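The values are calculated or read from the model by the stated rules, or taken from the named source; none is laboratory data. Since the model is a prediction, treat every value here as computed from it, not as a measurement. For neighbour counting, all protein chains shown are included, and Cβ atoms are generated from backbone atoms with ideal geometry for every residue, glycine included. Protein only, heavy atoms only, side chains kept; ligands, DNA and RNA dropped before computing areas. Shrake-Rupley method; radii C 1.70, N 1.55, O 1.52, S 1.80 Å.
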Amino acid sequence: DAGITQSPRYKITETGRQVTLMCHQTWSHSYMFWYRQDLGHGLRLIYYSAAADITDKGEVPDGYVVSRSKTENFPLTLESATRSQTSVYFCASRTDTEAFFGQGTRLTVV
Amino acid sequence: EDKVVQSPLSLVVHEGDTVTLNCSYEVTNFRSLLWYKQEKKAPTFLFMLTSSGIEKKSGRLSSILDKKELSSILNITATQTGDSAIYLCAPTSGTYKYIFGTGTRLKVLA
């Protein structure tokens, strides 16, 4: 199916564990993004990527790592999960005119 | 620092009412402003605005950008319960970086 897909959709993990959220797009868009959405904060940019092997920090990168070895994949890793990283995470890719969002991953850190 | 403020934060109206949602921004290297609708899942694209004073319309929704005032409005006429959602505005900083506001939560009562 064409589009942008995230996995898993829901995840519960323990404090201190490493967690990887996956994002895959089928359009070959150059730009991809990771956002987190929390009540009162809207969507905040964690990391973005302009192309394979090119990534850069957004507003709230601490505690997260990304990679982009292939254009279509942009995984987000929480190296040692903390309760403050409990959130809904959205991956997006964009054309010149709009961004397309995945369905989100609801992550709970206990 | 880039800043986006949306108002009101939340709004409750009755079906048939007209609503106006506001977005004010201060971003470096402004290029365009996008509006998204978010129901219980991923944001979906509504409009992209690049030029001041030119209204974009889609059915009962319309939007306009004022670059002088660094603001945009989203109008919804004859509201329906299906319009209940969070409306997000996102000015772009540079060519690819969206800065999202916290959104306006609209609830339309039958």
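Chain B and chain A together bury an accessible surface of about 1600 square angstrom, both sides counted, with a 1.4 Å probe and no ligands or nucleic acids included. The accessible surface of the protein assembly as shown, taken with every protein chain in place and a 1.4 Å probe, is 48 percent carbon and sulfur. Find how many whole Å separate the alpha carbon centroid of the stretch A:44-59 from the alpha carbon centroid of the stretch B:50-110. For the stretch B:50-110 versus the stretch A:44-59, the Cα centre distance is 25 Å.
Per residue, the average separation of C-alpha pairs within less than 8 Å and at least 6 apart gives the stretch A:4-109 a relative contact order of 36 percent. Mean separation of Cα pairs under 8 Å and 6 or more residues apart, divided by the residue count, gives the stretch B:32-105 a relative contact order of 29 percent. Remark: the stretch A:8-110 carries 48 Å² of accessible area per residue (probe radius 1.4 Å; ligands, DNA and RNA excluded).
Just to be sure I understand: of the beta bridges DSSP finds with both ends in chain B, what percent are antiparallel, rounded to 5?
90 percent
Taking all protein chains as shown and a probe of 1.4 angstrom, B:V13 keeps an accessible surface of around 20 Å². Positive contributions from Lys and Arg (+1) and negative ones from Asp and Glu (-1), summed over other residues with Cβ under 12 Å from the Cβ of A:S87, come out at +4.
If the chain linking B:K67 and B:E39 were pulled fully straight, counting 0.36 nm for each residue of separation and taking away their Cα-Cα distance, it would gain 7.3 nm.
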